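See below for the structure under consideration.
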Amino acid sequence: MPEPSYIKLYESGELKLRLDALEAKLASCTVCPRTCRVNRLKDEHGFCLSGYKPYITSICDHHGEEPVLSGTHGSGTVFFGSCNLRCVYCQNWQISQKRNFYQSTEMDFNEAARQIVKLQDEKGVHNINFVSPAHFVPQMVRIIYEAIPLGLHLPIVYNTNAYDALASLKLLDDIVDIYLPDFKYFDDRNGVKYSRAPGYSIYAKAAIREMFRQVGALQLNEDGLAVRGLLIRHLILPNDLSDSADVLQWISQTLGKEATVSLMAQYFPTHKAKDTPLLNREIHYSEYLKAVEALNENGLQKGFVQDMTAPETYQPDFYSSGHPFEKDTKE
Ligand code: SF4
C-alpha cells in the first residue's frame, strides 16, 4: 500500500501548520457552516454542544460499511459524539443527540491516538474512519498528528453528513485519503425541516466539489479496498424527501459518470421520525426502484445499491455482484 500523503505532511512540518490553523478556528468557532463564534478552547458551546476535547463514543473495527471499506478485517471506526445536524430520523441518535450520553464520552487525544494505532496493529483494519467529524475537524487532525509517531499508516476516511465548512475542508487536503460524504437533500426546505440545516444543499455541493478536487474518483488496490477518492452516500427517504433524482443528476453532471455512489435503502422511522408525518414509514419498493432508475438514467455505473431487504439496523448491508464496483440492482 502506498504511504498516505499525511506522512509527508507530518515530516515536512506542514501538518503541524494545518493543525494550528484548524485549532485557531476554535477560538471563535467557524469549524462548520453554523459559525457559532463561541470559544471552544475555553469549552464554550455552540450548536454542536462540544468544547475542545472530542467526544468519542466508540473506537472499534466495523464491518457494516461498503465492502471497499470494511474488507475482511473491518474499518477502524472512530464514532464522534454529538453532531452539527439534528436529523429527526437519525439512526445514531443516541450518540448524536442524547446529550447526557455523549457529553460523558470526552477522551484525551493521546488515548484516542493510542487506540486507533492499536486497532491498526492488532485488528488489521483497512483504514481509520472518522464518523461525523464536521464539528470535530481540528480534533480529528490532532488525533492523526499524535498517532503518526506511534506508527499510524492507514488511509484516513472522512465520513461526513457534508454540512462542512469549505475553509475547514481545504485544510484537509492530503490529510484525508477517502471522503465519504452523505448528500441528503437537494431542496433546502427539507434540510431545514428535517435536519435543522439551513442551506444544506449549498454547503454540501461546495463540500463535495472540494472533496472531488482533492482526491478524485475512488481508487481501489489489488485487493479491492479503497485507498483514495470520493464515495458519495445517498439515503432514499420516503415521499422523495431526499430528492434522489435531483441529487443523482447533479452528481453525474458536476462530477461526471466516474463518480462513485452508494445508494442506501435502509431507512426506517426511528428517533423523532415515528411522529413525523411523511417520514413515519419505511420506503416503498416503488420509491426504491425510482431511485435506482435515476441512477441508471444518469449513467452512474460505479458504486453500490443497498438491498432493500436489509435488516432494520443502522448498519448497512451492502452486496455486490462479484466485482465491488459493479452495481447490483437485484430485485
Ligand atoms: S463546530 Fe459547533 S460550535 Fe463550531 S460552528 Fe459548528 S456547530 Fe457551531
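Conditions tested, residue by residue: (1) assigned to a loop (DSSP other than H, G, I, E, B); (2) buried (at least 20 other Cβ atoms within 10 Å of the Cβ); (3) among the β-branched types (Val, Ile, Thr).
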{"residue": "Phe79", "(1), (2), (3)": "no, yes, no"}
{"residue": "Cys87", "(1), (2), (3)": "yes, yes, no"}
{"residue": "Asn100", "(1), (2), (3)": "no, no, no"}
{"residue": "Asn110", "(1), (2), (3)": "no, no, no"}
{"residue": "Gln115", "(1), (2), (3)": "no, no, no"}
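In summary, Gln139 fulfils each of the numbered conditions (1) open to solvent by less than 10 Å² (accessible area, probe 1.4 Å); (2) of a type outside the set (D, E, K, R); (3) outside any helix (DSSP H, G or I); (4) touching a Ser or Thr at 6+ places or on another chain (Cβ under 9 Å) with the single exception of condition (3). Checking the stated criteria, Glu106 turns out not to satisfy the condition of being surrounded by 18 or more Cβ atoms within 10 Å (Cβ to Cβ) and of a type in the set (Asp, Glu).
In summary, Ile59 fulfils each of the numbered conditions (1) away from the ligand (no atom under 12 Å from the Cβ); (2) part of a loop (DSSP other than H, G, I, E, B); (3) surrounded by 19 or more Cβ atoms within 10 Å (Cβ to Cβ) with the single exception of condition (2).
Mind checking whether some residue in region 65-74 is open to solvent by less than 10 Å² (accessible area, probe 1.4 Å) and within 22 Å of His271 (Cα to Cα)? No, because not a single residue in region 65-74 is open to solvent by less than 10 Å² (accessible area, probe 1.4 Å) and within 22 Å of His271 (Cα to Cα). Can you say whether Thr35 is more than 16 Å from the ligand (Cβ to nearest atom), β-branched (Val, Ile, Thr) and under 28 Å from Ala273 (Cα atoms), as far as the supplied structure shows? No: the conditions fail for Thr35.
Please name all residue pairs, on different chains or six or more residues apart, with Cβ atoms under 7 Å, provided the first residue is in region 144-173 and is closer than 19 Å to Ile202 by Cβ and the second residue is more than 16 Å from the ligand (Cβ to nearest atom) and part of a loop (DSSP other than H, G, I, E, B). From region 144-173, the pairs are Asn161/Lys184; Ala162/Phe183. Do the conditions hold for Ile232, that is, is it buried (at least 21 other Cβ atoms within 10 Å of the Cβ), outside any strand (DSSP E or B), of a type in the set (Val, Ile, Thr) and in contact with a helix residue (DSSP H, G or I) (Cβ under 9 Å, 6 or more places away or on another chain)? Considered against the rule, which asks whether it is buried (at least 21 other Cβ atoms within 10 Å of the Cβ), outside any strand (DSSP E or B), of a type in the set (Val, Ile, Thr) and in contact with a helix residue (DSSP H, G or I) (Cβ under 9 Å, 6 or more places away or on another chain), Ile232 comes out as no. Open to solvent by 10 Å² or more (accessible area, probe 1.4 Å) and either among the acidic types (Asp, Glu) or in a helix (DSSP H, G or I) (or both), is that true of Ile251? Considered against the rule, which asks whether it is open to solvent by 10 Å² or more (accessible area, probe 1.4 Å) and either among the acidic types (Asp, Glu) or in a helix (DSSP H, G or I) (or both), Ile251 comes out as no.
With respect to Tyr179, is the statement that it is open to solvent by less than 40 Å² (accessible area, probe 1.4 Å), more than 24 Å from Leu9 (Cβ to Cβ), among the hydroxyl-bearing types (Ser, Thr, Tyr) and not in a loop (DSSP other than H, G, I, E, B) true? Against the criterion (open to solvent by less than 40 Å² (accessible area, probe 1.4 Å), more than 24 Å from Leu9 (Cβ to Cβ), among the hydroxyl-bearing types (Ser, Thr, Tyr) and not in a loop (DSSP other than H, G, I, E, B)), Tyr179 does not qualify. For the residues Gly64, Gly13, the requirement of being away from the ligand (no atom under 16 Å from the Cβ) and modelled with pLDDT under 95 singles out Gly64.
Considering only region 197-212, I want to know if a residue exists there that is charged (D, E, K, R), in contact with a Lys or Arg (Cβ under 8 Å, 6 or more places away or on another chain), modelled with pLDDT of 95 or more and assigned to a loop (DSSP other than H, G, I, E, B). No, there is no match, as no residue in region 197-212 is charged (D, E, K, R), in contact with a Lys or Arg (Cβ under 8 Å, 6 or more places away or on another chain), modelled with pLDDT of 95 or more and assigned to a loop (DSSP other than H, G, I, E, B).
The values are calculated or read from the model by the stated rules, or taken from the named source; none is laboratory data. Note that this is a predicted model, so its numbers are computed, not measured. Methodologically, a virtual Cβ is constructed for each residue, glycine included, from the backbone with ideal geometry; neighbour enumeration extends over all protein chains shown. Just the protein is used for accessible areas: all its heavy atoms, side chains included, with ligands, DNA and RNA removed. Shrake-Rupley method; radii C 1.70, N 1.55, O 1.52, S 1.80 Å.
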